[in-house]
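Readers should treat all values here as calculations from the given coordinates under stated rules, not as data from a laboratory. Remember, predicted model here, so these are calculated numbers, not experimental data. Cβ coordinates were reconstructed from backbone atoms using ideal geometry, including for glycine residues, and neighbour counts include every protein chain displayed.
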Amino acid sequence: MIEIGAQVDLSHPPDRVWLALTDRKVLGRWFAEAELVEGVPDRLLLHSAGLPGFEANVEVEVTERQARELLVLACDEAGRLSELTCTVTATKQGCRLEVREVTRHGAWSAEQHEPREQQLRQALTVRLPAILDWLAFQQVDLHRGDGGMTAELPLISVFGNGPARARRRRRRMAAVLAGVVVIGGLAAWVAFPVDSNQSAAPPTSPSPSVTAAAPTDTPLATTSTRPSRTPTSATARPSRSPSAKPTRTPASAPPPPPPLTASYDTDSSRLFGYTGKVVVGNPTGTPVGDWVVVVNLAEGSTVDDVDGADWRQNGQSVTFTGAAVPAGGSQTFRFDVRDNRPKARGPETCTVGGNPCTGL
């Protein structure tokens, strides 16, 4: 018996989560399209063929149902039988959804197990919360103006207009203040009086008059190309040693590190987000141990999960680092992005080592 499971804490009530589990149209938006089987009650055909970890469509039948709490399904995928259990538990913040699938006849191959579990985890943590947010927005009544503001209206703030406008006002104010400082500095520089000592400095600076007196003391000074052979020209030795040392330093500089390449592609998209994929390539003949990919997301987007790299997000900028790239090889990582707007927007920029990625 092989088991696949995942759970997620959701900031939505149990009845809304139950709707996402039992309504076939909503189910098709976050997991797979569902079709009724004619003549058989409580039986659906999930169009899962082509999804990671699935070889064919899955025929499911409800074997146990407790409204807003428990749903048990018997699944048949091309003769491979399994049981899928969905448990909904109410919490202070909303509810917790736990999904567990256990094989009853047959087994998943090693190539199926990991992608299938990853597909389930991604559906629960990324796509399902986005659909629940969309369902919550559909329940907001924008026409109830007689009673003033309602408790549901703050949900509209998920589009991010308020914070975005505040940030734009702060940026404009900072730009105006910076312009005032620059203009004030230029005015002070123009109005500042010129020091009289600076105007007298050029006539007193001709140092060649000191060296010109040297030829009158000794006749050997006329042969200026051989100052090191005369004992009287002691000043020639320090001038020769510093000029020789700086010429040797550029030759000892280490060669620059080999350049890396990177390409970006949107692996999949959904209503409130997408999955991005970046392939870091090393076209040189030497391995590269350290690489940094920086992706600038659209305003209001956040990274939920990353596979294949370490990451940190600072505002709209997300920095990815990972394992060494072998000579002539590549490293691939994927990242799930949640966007608070119904139409997902791709990254604005992508760079590797400061060089732009292809695909954007």
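For ASP9 and ALA107, compute 0.36 nm times the residue count separating them, minus their Cα-Cα distance, and round to one decimal in nm.
My answer for the length gained is 32.4 nm.
Out of every Cα-Cα pair in segment 42-110, what percent are more than 19 Å apart?
40 percent
Highest mean first, what order results for 90-96, 327-333 on Cβ atoms within 10 Å?
Ranking, from highest mean packing down: 327-333, 90-96.
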